[in-house]
Amino acid sequence: MTLSSRPSERSFEDLLSAAEHSAFHLETRDVYAVAYEQQDFEAWQKTGRWENPTYWQPWIDLVGAAVRRGVVVRRAHVVSVPLSESARFEHAGTVNNLAAGEVVRWLPRRLAADLALPGTDFWVFDSRLVRFGHFTGDGEWIGQEVRDEPAVATLCASAFEAVWERATPHAEFQV
């Protein structure tokens, strides 16, 4: 295993800013419980909306800058159906991902049963650099791992494309 760097040395912002052609993200968890979203999650539970401009603007700016320089940014979710409350919250917030320029799709987990998928969420940048995201069982973020081995990048890119091919575009996905 080759680590490109320690997590603290290569931020997500640095990785996306260095991307030249593509950045894609596979999300496979039914529950995300990251502390920085707790207040928005509670507000969404009351209103059904997740449109916090203060929270989202840095993301919209970062991804928008990548898209404007020609980077294709895609995100695919593999989810259990019916969706968990956490996944419904994420679905509601996807309007902000779309505003940033991402293309988003959703795949019911039962339709991914025959796909070989890595054991954790990941981003792939330019089909050569992988950033794995690690979470606790309860969905709390615990860190990242950046890998640059060609076999790891190929595995993740292949898994993402297999999901992407079967997944439903966000606008057509029924919650």
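With +1 on each Lys and Arg Cβ and -1 on each Asp and Glu Cβ, and nothing else charged, work out how big the dipole of the chain is about its Cα centre, in Debye to the nearest 20. Could the numbers behind the result be given before it?
Numbers: 17 positive and 25 negative charges, 65 e Å.
Computed about the Cα centre, the dipole is about 320 debye.
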Among Q174, S17, F41, whose Cα sits farthest toward the positive end of the charge dipole of the chain (+1 at Cβ of Lys/Arg, -1 at Cβ of Asp/Glu, about the Cα centre)? Q174
Theoretical FRET efficiency, 1/(1+(r/R0)^6), r = Cβ-Cβ of T154 and L98, R0 25 Å, to 0.05: 0.30
Would you mind calculating the relative contact order of region 29-175 from Cα pairs under 8 angstrom and at least 6 residues apart, reporting the percent as a whole number? 26
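Which whole number in µm²/s is D for region 104-156 by Stokes-Einstein, with the Kirkwood Rh taken over Cα pairs at 25 °C and 0.890 mPa s? If you can, show how the numbers build up before the last one.
Numbers: Rh = 12.5 Å.
Reported coefficient: 197 µm²/s.
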1/(1 + (r/R0)^6) with r = Cβ-Cβ of S11 and R69, R0 = 22 Å, i.e. FRET efficiency to nearest 0.05, evaluates to 0.75
Expressed in nm to one decimal, what extension gain is obtained for the pair W59 and A43 from 0.36 nm per residue of sequence separation less their Cα-Cα distance? 3.8 nm
Under Stokes-Einstein, region 31-85 at 10 °C and 1.306 mPa s, with its Kirkwood radius over C-alpha pairs, diffuses with a coefficient in µm²/s of 117
Using label points projected 7 Å from each Cα along Cα→Cβ, tell me how many nm separate T168 and A116, to one decimal. 2.9
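For the ranges 33-45, 86-98, what's the packing order if you count other beta-carbon atoms within 10 Å of each residue, average per peptide, and put the highest first? Before the final figure, lay out the partial values.
Values: 33-45: 13.4, 86-98: 18.3.
Highest to lowest by the protection proxy: 86-98, 33-45.
Rounded to a whole number, what is D in µm²/s for region 37-175 from Stokes-Einstein with the Kirkwood radius over alpha-carbon pairs (10 °C, 1.306 mPa s)?
Numbers: Rh = 16.2 Å.
Here the translational diffusion coefficient equals 98 µm²/s.
Coordinate-derived values only; no laboratory data. Here the structure is a predicted model, which is why all the values come from computation and not from measurement. Cβ: placed from backbone, ideal geometry, glycine included. Neighbour counts: every protein chain shown.
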